[in-house]
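Remarks on the structure that follows.
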Amino acid sequence: MEQQHTIRVEEWARPGEPFRLAAVAIGAADWAAVLPATAQARVARFADGHARARAGASEWIKTCWLPRELGLAAVEVRTGANGKPLLEGAAAAWGFNLSHAGEYVVAALARDAQIGVDLESTSRKADIVRLAQRVFSACEQAAVQQGGRAAFFTLWSQKEALVKAVGCGWADERLQRGTALAPVGFQLEPTTGARVWSRPVIDGAYCLAVAMV
């Protein structure tokens, strides 16, 4: 397990932001060699190599990086409503969330707050008009009409992070069409009162968003 300390973890949070953002490339390690046996078993269920590497990086964050960050021997993570990860025991005061896209997995960690993170590849195919009409509010749809794909992926990642922070799922109409998100770097979303940060990362290859409530 010594190899786990040599795995490169990129810090994507900016100075002054009230959370940690730890990003790990899914190809950063032979995950089977650095994971505990129980985590190895969960990863082994994936037949596709890319999905297995992504699952391995996610498991490493939960079983290795997270306990080390919190100064604990282990951290129990249970799955709450709509798949929201919840920390228990000595780590219960911390909000934690994961997202993955392309070649990266990113984890968000904040104390005394519910947090959501989303990472979106800006190169993926998407019918932005149809998707915007389905889940965006009128002002968000207008932003997509004006800003095109860049605005769409910014807003989509913001909305996804917000859904994760609230823990309600996409079926909640209040978040589908009732929010007033904008393609800006920081905002207070008026419907939920959430703080939302967003920006491009890796030379614009991805959109990243974090929401806290």
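The values are calculated or read from the model by the stated rules, or taken from the named source; none is laboratory data. Keep in mind that what you see is a predicted model, and the values were worked out from it rather than measured. Every residue, glycine as well, gets a Cβ built from its backbone with ideal geometry; the counts of neighbours run over all protein chains shown.
Results for (1) in the same structural domain as PRO15 (by TED's automatic domain parsing); (2) over 19 Å from the mean Cα position of the chain (by Cα); (3) over 22 Å from GLU10 (Cα atoms); (4) hydrophobic (A, V, I, L, M, F, W, C), shown as yes or no for each residue.
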{"residue": "LEU109", "(1), (2), (3), (4)": "yes, no, no, yes"}
{"residue": "ARG134", "(1), (2), (3), (4)": "no, yes, yes, no"}
{"residue": "ALA138", "(1), (2), (3), (4)": "no, yes, yes, yes"}
{"residue": "GLN146", "(1), (2), (3), (4)": "no, yes, yes, no"}
{"residue": "ARG149", "(1), (2), (3), (4)": "no, yes, yes, no"}
{"residue": "CYS168", "(1), (2), (3), (4)": "no, no, yes, yes"}
{"residue": "ALA180", "(1), (2), (3), (4)": "no, yes, yes, yes"}
{"residue": "GLY185", "(1), (2), (3), (4)": "no, no, no, no"}
{"residue": "TRP197", "(1), (2), (3), (4)": "no, no, no, yes"}
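Residues being in contact with a helix residue (DSSP H, G or I) (Cβ under 8 Å, 6 or more places away or on another chain) and of a type in the set (Phe, Trp, Tyr): count how many of those fall in the stretch 155-202. Here the count works out to 2. Those residues that are among the aliphatic types (A, V, I, L, M) and surrounded by fewer than 16 Cβ atoms within 10 Å (Cβ to Cβ), I need them from the stretch 10-39; list them, please. ALA32, ALA33, ALA37, listed by residue number. Is it fair to say ARG42 is outside any strand (DSSP E or B), surrounded by fewer than 21 Cβ atoms within 10 Å (Cβ to Cβ) and touching a residue at least 12 places away in the same chain (Cβ under 8 Å)? Criteria met by ARG42.
Residue-level analysis places GLU103 among those that are assigned by TED's automatic domain parsing to the domain that holds ILE7, among the acidic types (Asp, Glu) and under 18 Å from the mean Cα position of the chain (by Cα). Specify the residue that is surrounded by the most Cβ atoms within 10 Å (Cβ to Cβ); the eligible residues are those in the stretch 147-199 that are touching a residue at least 40 places away in the same chain (Cβ under 8 Å) and among the hydroxyl-bearing types (Ser, Thr, Tyr). Of everything passing the filter in the stretch 147-199, SER157 is surrounded by the most Cβ atoms within 10 Å (Cβ to Cβ).
The criterion of at least 2 residues that are of a type in the set (A, V, I, L, M) is met by the following strands (runs of 3 or more DSSP E) wholly inside the stretch 149-213: 195-201, 206-212. Looking for something under 19 Å from the mean Cα position of the chain (by Cα), of a type in the set (A, V, I, L, M) and in a loop (DSSP other than H, G, I, E, B) - is there at least one such residue anywhere in the stretch 52-73? Scanning the stretch 52-73 turns up no residue that is under 19 Å from the mean Cα position of the chain (by Cα), of a type in the set (A, V, I, L, M) and in a loop (DSSP other than H, G, I, E, B). The residues of the stretch 1-39 that are assigned to a helix (DSSP H, G or I) and hydrophobic (A, V, I, L, M, F, W, C), listed by number, are TRP31, ALA32, ALA33, VAL34, ALA37, ALA39.
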